[in-house]
Amino acid sequence: MLPETDDCLVLLDRINRTGQPETYTKLSSSDADPMLFCYAMWPVTAKKRVMGIVIQAVETAPLHERTLAMNEALMLGSLRLHEVTADVASLNIQLHAEIGERELRERDALMLTNELAHRIKNNLQIIVSLISLEAKSAAAPCLEGYRVMQARIGAIAELYDLISQAGYGQTIALDTYLREIARTMSESLLGSTSGVRIEVEAEALEIDPVRAVPFGLLVNELTTNAIKHAFPHGRGRILLSVERVGDEIELTVADDGVGMKDKYLARISEKHGSDYVAIFVRQIGGTIVVSTAKESGTVFRIRLPLLVAAPLRS
């Protein structure tokens, strides 16, 4: 176990003289069978005198045996790594397959929803066209009712058109929605020769599809009332606007018409049940405040939550 040189004897003599521990590591110079010698040596003392020396042989294995052991350990580690890599690759393939199937189901659901919304829109537009044909031959007292009905159904048709474009579970852009409602109402209730115009000022806000229907019907109802009652002389302006106020959306429908008396304004805020405006406000989870404009006209302000819940996705 000792090297053939006198190095260890030198260390033993030094430990005996100094009383301090020593270590020794050396690779033998033999090319045929090299040896790695590694020792730890420390003194055993009594009454501050060295009485003996303990020698611990840490490693005296031939170098090639140690190298083979290291190579074997590396080989086993490499094989285990290969097994783990194969398992990960298999799981990755399975995961990609599951993701692909889910994406396919989502695309199918999206296509089905868009197709359904598109067909509903087309059916509603057919109904609007039938009402328009019926209105042409209707008596004058019935004409206004046909036009109001046409505007209400047209507002819902525009919503389903936006849903088919936005995709499954997506929110509806309120600025685009308001402009489409204004265009539909202008065509059905006013015509190109009317002195009443509908304008839109809207921030880039969105609403969930569930509340979009009563929202559109509410805008339609308030705008229809303004067209019917605010402009006895046949000229004026109706403004539809939405803006964010804190965590709420504020919808404003304002006109510069003749306005309403304070007694009637108070009754509007107290109406319940059968009143269309109150029903639609309640369905969108909002509150309504009615006031007169500074110069002339009436202003309806409706506050509703910014988002009731995040849209669901399959």
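With the simple model of a label 7 Å out from the Cα in the direction of the Cβ, Ile99 to Glu248 spans 4.4 nm.
Treating only the Cβ atoms of Lys and Arg (+1) and Asp and Glu (-1) as charged, compute the dipole magnitude of the range 184-260 about its Cα centre; round to the nearest 20 debye. Before the final figure, lay out the partial values.
Numbers: 6 positive and 13 negative charges, 104 e Å.
Magnitude of the dipole: close to 500 debye.
Each reported figure results from applying straightforward, stated rules to the coordinates on display, with no laboratory input. Remember, predicted model here, so these are calculated numbers, not experimental data. Positions of Cβ are backbone-derived with ideal geometry, glycine not excepted, and every protein chain shown enters the neighbour counts.
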